[in-house]
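Accompanying notes for the structure given below.
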Amino acid sequence: MSRSHVTTHVLDTGTGRPAVGIAARLHRQAPDDWEEVAQGTTDDDGRITSLGPTALEAGTYRIDFETGPYFAATGTETFFPSVSLIFELTDPAQHYHVPLLISPFAYSTYRGS
């Protein structure tokens, strides 16, 4: 399969390792609500390379990461049972990589390449 238009990578900064098995859902903002576009689960390297189709229209998108089950599986308390990242896809010709860096009590993101 070709790489999707939007990909992600989740790293657990508390352990310094990829976050394996985190479910994520990609949504597109519609006039009245959010519409699910795709879903996936991070692999052994913490990546989802097949999150959605190979082409998306410009618009506002959201990725919801289910981080609670990931931390629960290791017996780790977390303040963030889920993380939602909203971003603008402005150029349909570009690839969008949206990484997530997590720890039990903090998270960050950036526009990847």
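Any read-out appearing in this document is the output of simple, stated calculations on the displayed coordinates, not a laboratory observation. It should be emphasised that the depicted structure is a prediction, and the values quoted were computed from it without experimental measurement. Here the Cβ positions follow ideal geometry from the backbone for every residue, glycine too, while neighbour counts run over all protein chains shown.
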Exposure rule at most 15 other beta-carbon atoms within 10 Å, DSSP loop trypsin sites (Lys or Arg not before Pro): the chain longest free segment: 4-110
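What 222 nm value per residue comes from the helices of the chain, counting each DSSP H run with n ≥ 4 as -39,500 (n - 2.57) and dividing by all residues, nearest 500 deg cm²/dmol?
-1500 deg cm²/dmol
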Solvent-free Debye scattering, log10 I(q)/I(0), computed from the Cα coordinates of the chain at q = 0.14, 0.20 Å⁻¹: -0.53, -1.03
Loop sites in the stretch 1-102: chymotrypsin sites (Phe, Trp or Tyr not before Pro), DSSP, at most 14 other Cβ within 10 Å: 79
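What relative contact order, as a whole-number percentage, does the chain give when Cα pairs under 8 Å and 6 or more residues apart are counted?
Details: 266 pairs, mean separation 34.1, N = 113.
After rounding, I find 30 percent.
What number, in percent, do you get for the relative contact order of the stretch 9-62 if the mean sequence gap of Cα pairs under 8 Å and at least 6 apart is divided by its residue count?
Working: 93 pairs, mean separation 19.6, N = 54.
Value for the stretch 9-62: 36 percent.
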Along the chain, longest interval not containing exposed GluC sites (Glu not before Pro), exposed being DSSP loop plus at most 16 other Cβ atoms within 10 Å: 1-56
The stretch 96-111 - phi-based ³J(HN,Hα) in whole Hz, Karplus 6.51/-1.76/1.60, Gly and Pro as x: 10, 10, 10, x, 10, 10, 10, 9, x, 10, 7, 8, 8, 8, 6, 7
